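Step one of this worksheet: look at the structure below.
The values are calculated or read from the model by the stated rules, or taken from the named source; none is laboratory data. This one's a predicted model, so the numbers in the text were calculated from it and none came from an experiment. All Cβ positions, glycine included, derive from the backbone under ideal geometry; neighbour counts span all protein chains shown. Heavy atoms of the whole protein, side chains included, go into the accessibility calculation; ligands, DNA and RNA do not. Shrake-Rupley method; radii C 1.70, N 1.55, O 1.52, S 1.80 Å.
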Amino acid sequence: MTMKIGILYICTGKYYSFWEDFYNSSEKYFLSGIEKKYFVFTDSTKIIKSHNVEIIHQDNLGWPFNTLYRYRMFLRIGGELKNFDYIIFLNANCKFIDYISLTDFFGLNKNLVACIHPGFFNKDKSEFTYEKRKKSKAFIENGYYYFPGGIMGGDANIFLNICKSLNYDIEYDLNNGIIAIWHDESYWNAHLNNNYQEIKDDLHILSPSYLYPEGWSIPFEKKVILRDKSKYIDIKGIKETHQK
Ligand code: UDP
């Protein structure tokens with residue numbers, strides 16, 4: 001049986017302009033020779049369906065729901081995603097700039113993938129920006145690492161189950177008038193850190209090489225760069241609208 005990888009990509013509103021570079025760079029550098037299918041959640045009509053690109057119409061939910069509701073978006077196509085070996089989400093402004101193999105990315109005999117946040121690899125745990133309110137489902141008392149929301153995935157069924165659980169936690173918090181400090185990222189961190197002892201042998205942790213912010217200088221080789229959004233799109237207003 002051949003391996004199949006599902007790539008989850010969200011680009012609502014102005015983010016559609018990152019798609020072409022993401023796709024072309026992924027086709028060139030990411031998991032060469034392995035079957036990849038892209039699932040693009042977008043409200044743009046400019047992105048064209050193709051043999052390996054499926055478009056899932058997604059309304060622009062405003063800030064922060066375009067990102068907070070990512071788990072719910074993925075679950076919309078959970079039935080189809082279950083047929084993949086691995087599924088992975090990357091931020092819209094990611095661009096691959098070096099070759100990445102299956103083992104580089106998903107590890108050996110691992111079923112979850114997360115990355116070390118490029119802004120926190122050298123920081124003391126006391127500086128990690130976890131959700132600190134005890135009444136939030138994203139609360140972390142003592143964590144191990146700070147993980148960015150920009151890369152998340154793993155074995156399709158395992159990752160989808162996590163999406164279900166995080167989606168539940170987000171709804172639970174919303175019903176109590178809470179949105180965790182860093183939205184989807186806080187819930188992802190809570191899952192990984194609060195269950196760390198049980199999942200650590202199955203977790204592949206990528207270095208910040210895989211989410212290297214453009215214009216930064218950190219001691220990692222560059223494999224995936226995170227493009228500086230302000231250079232490419234007018235980001236004014238993106239983080240201002242709260243609508244559900
Ligand atoms: N996103 C989107 N439209 C928006 C805002 C966010 O499609 O208006 C998606 C997109 O995939 C983006 C991700 O949500 O990469 C995370 O957004 P955010 O602005 O939080 O990125 P960060 O601040 O982490 O760069």
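What to note about this one:
- Over the stretch 86-148: Rg over Rh, Cα atoms, Kirkwood Rh: 1.03
- One decimal place: the segment Ile97-Asn142 gains 12.7 nm when fully extended, by the rule 0.36 nm per residue minus the C-alpha distance.
- Rg/Rh, computed from the Cα trace of the stretch 1-47 with Rh as the Kirkwood radius, has the value 1.02.
- Linear extension gain, Trp216 paired with His57, 0.36 nm per residue minus alpha-carbon span: 53.8 nm
- Length gained on full extension, Glu20 to Lys49: 9.2 nm, using 0.36 nm per residue less the C-alpha separation.
- Beta bridge orientation in the stretch 64-216: antiparallel %, DSSP, nearest 5: 60
- The distance linking the stretch 162-176 with the stretch 179-233 is 21 Å (Cα centroid to Cα centroid, whole angstrom).
- In this rough spin-label picture, where each label sits 7 Å from Cα along the Cβ direction, the Asn109-Thr129 distance is 3.8 nm.
- Asn83/Tyr196 FRET efficiency (R0 30 Å; Cβ-Cβ; nearest 0.05): 0.55
- Fraction in percent of alpha-carbon pairs per bin - 5 Å, the stretch 148-244: 2, 10, 16, 19, 18, 17, 13, 5, 1
- Pair-distance distribution of the stretch 124-169: all C-alpha pairs, bin width 10 Å, starting at 0; shares per bin in whole percent are 22, 46, 29, 2.
- Principal axis analysis of the Cα atoms in the chain yields extents of 46, 39, 39 Å, listed in decreasing size.
- What a 1.4 Å probe finds exposed on the chain is 49% carbon and sulfur by accessible area, rounded to a whole percent.
- Label-to-label distance, Ile181 versus Lys164, with points set 7 angstrom from Cα along the beta-carbon direction: 3.1 nm.
- Restriction of the trypsin sites (Lys or Arg not before Pro) in the stretch 95-125 to DSSP coil positions whose beta-carbon has at most 14 other beta-carbons within 10 angstrom yields Lys123.
- Filtered chymotrypsin sites (Phe, Trp or Tyr not before Pro), the stretch 76-127: DSSP coil and at most 12 other beta carbons within 10 Å: Tyr99
- Note on the stretch 90-203: along the principal axes its Cα atoms extend 44, 33, 31 Å, ordered by decreasing extent.
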